[in-house]
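S.K.: I have a structure here, written as structure tokens, and I will follow up with some questions on it.
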Amino acid sequence: MLVSYSMRGEEPVVNEALKVRALPEGNYDKLLEFLRLYRDAVQIIVDRIWDIDEKLSWKKLHRLFYSDLISMSFRAHHAKEIYINAKSLVESARSNGGRKPALRKLSARIDKYDYKLDLDNMVLTLKLHSDYEARLKLIASRERVEKFRSWSNYELVVKYEDGEFWVSIYFKRAVRPLEPRTVMAIDLNFGNVTLAIYTPDGRRVRLKKLNTPHKKILTHKIWIEKIQKKYPKSWRFIKGVRRAIEKHGERIKNISWDYTHKLGDLVAELALRYHSVIILEDLEKLKENNKKGRRFNKRLGLWFYRRIQFCVEYEAMERNLQVAKIDPRGTSSKCPRCGGKLVEDGYRVLRCRKCGFVGDRDVTATINIYKKYMSKYSRCGVPGVAPNAPKPDEAPSGMQGNKNEAMTTES
Ligand SMILES: [Zn+2]
């Protein structure tokens, strides 16, 4: 599954790919021939543009290669897809400092003008070179396909791997985001996730702390490390040992997916109820800023937080909610009232030496996230920047008890 947002003018668009197996109806020699021709054509163009240093515009590519490709019996949009494909292969190989790409796999990107997709009957008709056609039966359950019926599709990729055909269909739909009335700030930590909902004038209407399953995940990680330490050279080769490691790995995967799905759902449901825009911290920036690994356990890894964000964003998108990211710099070290430096003052409590502000560290982080968002995104005239910071000193709900519960329910 692939989800991305892109802005087309003012209208946000959601893209998602559906990958399914496809069975050709009847003889598929022509389809294979097409895939080979396509691959070879991409290779020819890669070879020819590899040594050209100047930046190649679409126009130039078109001028250089279009008529050659047409004379190879490709259709107009095949030609376009082929040189676009070659260009992006060359660019990504160059940016990775790699060698000139040598294509082996059979895979073709096909424009919407060159296929017909019939979701009712799950049949895909591809237009090939020399006016040949191929019909493929798509193998996917009703439920997987159902949601895409109202989406539009614009492109697909056909692949032939290990004797099987696969099709990835790219769908998109316009999102009409809900006009937010409140702001939900989310602070991710090693042991918990704190979310707080603020009104535009800085009042907090909801506060919630949820524990993460970090202890369970770490327990399995420690087991894996112990086993690897015991068999430092051989663990890969002894079947029983490898299987034990895999079992712990499986558990980690299940625990984290299960948790992040539930969390994403819960967060988005709450945001929907309060018409919130959801504010997350930009994890990429966090990696740059944060050399000390203050908040995130290195052993647990950033992947876990990325996965949480992915699920939150996905569930938000499904409900037409807006998501924004802010630079996390300073969100848990700066005083939200005066901007002074916060110091630890007991367990998970921070104090400002300058103005005397005292607050729970996670709640304080949500205030800072909220304020950052407001100062970045709210314009004059629109509900303004909160003049005074919300009070951080009330105990958040769900904080008491249930220490071992990964998912604390609302109080
Ligand atoms: Zn202060």
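S.K.: May I ask you to rank 77, 214, 129 by accessible area, largest first, using a 1.4 Å probe over the protein chains only?
M.R.: Details: 77 55, 214 25, 129 5 Å².
Highest to lowest solvent-accessible surface, that is 77, 214, 129.
S.K.: Okay, next question. Mind grabbing the accessible area of residue 223 for me, 1.4 Å probe, Å², rounded to tens?
M.R.: About 130 Å², ignoring ligands and nucleic acids.
S.K.: What are the lysines whose alpha-carbon lies under 30 Å from the alpha-carbon of residue 137, with same-chain residues fewer than 8 places away excluded?
M.R.: Filter leaves 19, 30, 80, 105, 112, 116, 127, 147, 159, 172.
S.K.: Quote the Stokes-Einstein diffusion coefficient, in whole µm² s⁻¹, for segment 91-195, based on the Kirkwood radius over alpha carbon pairs, a temperature of 20 °C and a viscosity of 1.002 mPa s.
M.R.: In µm²/s, the coefficient rounds to 119.
S.K.: Angle between the Cα long axis of helix 361-377 and the longest principal axis of the chain, 0 to 90 degrees, nearest 10?
M.R.: For 361-377 against the chain, the angle is about 60 degrees.
S.K.: Semi-axes of the equivalent ellipsoid of segment 1-157: what are they in whole Å, largest first, if each equals the square root of 5 times a C-alpha gyration tensor eigenvalue?
M.R.: Over the Cα atoms of segment 1-157, the semi-axes work out to 28, 21, 15 Å.
S.K.: Right, here's the next one. With charges only on Cβ, +1 for K and R and -1 for D and E, what is the dipole size of segment 82-129 about its Cα centre, in debye, rounded to 20?
M.R.: My answer is approximately 420 debye.
S.K.: Give the ranking of 306, 329 by solvent-accessible surface, highest area first, calculated with a 1.4 Å probe.
M.R.: Order by accessible area, largest first: 329, 306.
S.K.: Show 16, 54 ordered by accessible area, largest first, where the area counts protein heavy atoms only and the probe is 1.4 Å.
M.R.: Solvent-accessible surface, decreasing: 54, 16.
S.K.: Note down the Stokes-Einstein diffusion coefficient of segment 140-262 in µm²/s, whole number, using a Kirkwood radius over alpha carbon pairs, 25 °C, and 0.890 mPa s.
M.R.: 124
S.K.: Considering only protein heavy atoms, what per residue accessible area in square angstrom results for the chain with a 1.4 angstrom probe?
M.R.: 55
S.K.: Mind checking which lysines have their Cα closer than 19 Å to the Cα of residue 262? Skip sequence neighbours fewer than 8 apart in that chain.
M.R.: 208, 209, 215, 216, 253, 403
S.K.: What are the ³J(HN,Hα) couplings of segment 315-322, residue after residue, when phi is run through the Karplus curve with 6.51, -1.76, 1.60 and θ = phi - 60°? Round to Hz, x for glycine and proline.
M.R.: For segment 315-322, the Karplus-derived couplings read 5, 5, 4, 4, 10, 6, 9, 8 Hz, x marking Gly and Pro.
S.K.: Restricting things to alpha carbons, tell me how big the chain is in terms of Rg and Dmax, in Å.
M.R.: 26.3, 79
The values are calculated or read from the model by the stated rules, or taken from the named source; none is laboratory data. None of these values were measured; they are calculated from a predicted model. All Cβ positions, even for glycine, are placed from backbone atoms using ideal geometry, and neighbour counts span all protein chains on display. Side chains included, ligands, DNA and RNA excluded: accessible areas come from the protein's heavy atoms. Shrake-Rupley method; radii C 1.70, N 1.55, O 1.52, S 1.80 Å.
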